[in-house]
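Asks: I have a structure I would like to understand better, so I am pasting it below and will then ask my questions one at a time.
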Amino acid sequence: MSRFDKAANGWDHSDRRQAMAADIAGSIIGSGLLKPHMHILDFGAGTGLLTRHLVPYVRKMTALDLSQKMLEQLSQNAHSWEGASIELVHSDIIDYRTKTKVDGIVSSMSMHHVQDLDALFQNFARLLKPQGFIAIADLELEDGTFHSDGNEGVYHFGFEEERLSAIISTNGFKNICFQKVHEIKKENGKRYTLFLMQATKDEASA
């Protein structure tokens, strides 16, 4: 059983996670990207902390995660989300394919768990409609101390804006912008900054 399967039942009990998701969602909503006709993919959706905030603004959301237990918890949570149209998908984001392309891809704190960033953004471009967008939140560069329970399954200790922009633009995206959206102070006394990165699919990409 994975660390996320084990943690699923109590995942939502964290005020810190709730506050983080609310700030990230607020920034995405405030950007004006979401429209009522849209189908949005939440990559690494977990128990739905981000999905819950965004689903009222769109036609449908697909919640994708590698943890079956997290998705089961999301399914339970969604019973109280009035009018929510949510599809649950148990899959690795790199392997995920769909015949129906989506309007946008969102994510909160999942990208650092993906080893191959080129493959990730190539698949994002493949999954998106022309002019589709991504809105991805994750950590700025840190020293490897963010995860207090160890770094198993962590492939990146945050991200540096210039390097990440280069990877994204190489793999089919333009209009890349970053903004700071949240700060976490942990028990070790350190503060960790979260960014929201937005970009648009280049018409020339897959």
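Asks: When the residues of the range 58-89 are filtered to those that are out of contact with any Asp or Glu (no Cβ under 7 Å at 6 or more places or on another chain) and among the β-branched types (Val, Ile, Thr), which remaining residue is surrounded by the fewest Cβ atoms within 10 Å (Cβ to Cβ)?
Replies: Filtering the range 58-89 for residues that are out of contact with any Asp or Glu (no Cβ under 7 Å at 6 or more places or on another chain) and among the β-branched types (Val, Ile, Thr), the one surrounded by the fewest Cβ atoms within 10 Å (Cβ to Cβ) comes out as Val89.
Asks: Just checking, does the range 3-14 include any residue being part of a helix (DSSP H, G or I), in contact (Cβ under 8 Å) with a residue 60 or more places away in the chain and among the aromatic types (Phe, Trp, Tyr)?
Replies: Among the residues of the range 3-14, at least one is part of a helix (DSSP H, G or I), in contact (Cβ under 8 Å) with a residue 60 or more places away in the chain and among the aromatic types (Phe, Trp, Tyr), which makes the answer yes.
Asks: Which residue pairs have Cβ atoms closer than 7 Å, lie 6 or more positions apart in sequence or on different chains, and pair a first residue in the range 124-149 that is over 12 Å from Leu194 (Cβ atoms) with a second residue that is among the acidic types (Asp, Glu) and assigned to a strand (DSSP E or B)?
Replies: If the second residue must be among the acidic types (Asp, Glu) and assigned to a strand (DSSP E or B), the pairs left are Lys129/Asp103; Gly132/Asp103.
Asks: Counting just the residues of the range 159-172 that are under 17 Å from Asp116 (Cβ atoms) and part of a loop (DSSP other than H, G, I, E, B), which one comes out modelled with the lowest pLDDT?
Replies: Gly172
Asks: Please work out if Met20 is in contact with a Leu (Cβ under 8 Å, 6 or more places away or on another chain), at pLDDT below 95 and among the hydrophobic types (A, V, I, L, M, F, W, C).
Replies: yes
Asks: Something else now. Looking only at the range 180-206, how many residues end up being touching a residue at least 60 places away in the same chain (Cβ under 8 Å) and either exposed (fewer than 13 other Cβ atoms within 10 Å of the Cβ) or of a type in the set (Phe, Trp, Tyr) (or both)?
Replies: 1
This table checks each residue for (1) of a type in the set (S, T, N, Q); (2) under 16 Å from Phe43 (Cα atoms); (3) assigned to a strand (DSSP E or B).
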residue	(1), (2), (3)
Pro130	no, no, yes
Gly144	no, no, no
Glu152	no, no, no
Lys174	no, no, yes
Tyr192	no, no, yes
Leu196	no, yes, yes
Glu203	no, no, no
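The values are calculated or read from the model by the stated rules, or taken from the named source; none is laboratory data. Treat the numbers as computed from the prediction; the structure is a model and nothing was measured. Note that we place each Cβ from the backbone using ideal geometry, even for glycine, and neighbour counts take in every protein chain shown.
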